[in-house]
Amino acid sequence: MKRIAINGLLLAGIFSASTWLYVDSTQANRPIPLPAASTAHSRVVQPQPIIYFFTRSDCIYCRPMHKLANQLHRAGHTVYVVNESRPDLVRKYAVAAYPTFLVVDGETVVRRVIGLTTKERILGHS
């Protein structure tokens, strides 16, 4: 029974949306091995929306929002922090004010939250 529970926890870690994988240049084109679909422990993983946090180094209102982005990540959400070094993403999502949180599902922007905010507003719970 303990072995099943431990294997379940290991698989939950593999499929967790908040798992961060480090891939260096030698591993960039190698596939990541996943358990076969026929194993007893496999499960269907529903993709979560991605949260983009747009920030600037000279933005005083962005500083407290970094803590919120970390809280969202620790809660299991995929969070990308985008700063002024990525003008391509700023143009793609038409970001005009900072801080901005975007919740993106596939290619669709589900929610846009500008300015100081709460975790509930970003996740759409309020």
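FYI, it's all coordinate maths here, none of it is from the lab. Just so it is clear, the structure is predicted and the values come from calculations on it, not from any experiment.
Find the relative contact order for the range 50-123 and round it to a whole percent, using C-alpha pairs within less than 8 Å whose residues are 6+ positions apart.
On the way: 112 pairs, mean separation 28.6, N = 74.
Normalised by residue count, the contact order of the range 50-123 is 39 percent.
Return an integer: the convex hull volume of the alpha-carbon atoms of the range 50-123, in Å³ per residue. Mind showing how you got there, number by number?
Values: hull volume 5.9 nm³, N = 74.
Per residue, the Cα convex hull of the range 50-123 comes to 80 Å³.
Could you calculate the contour length gain from Glu107 to Ser57, that is, 0.36 nm times the residue separation minus the distance between their Cα atoms, to one decimal place in nm?
Length difference between fully extended and current span is 15.3 nm.
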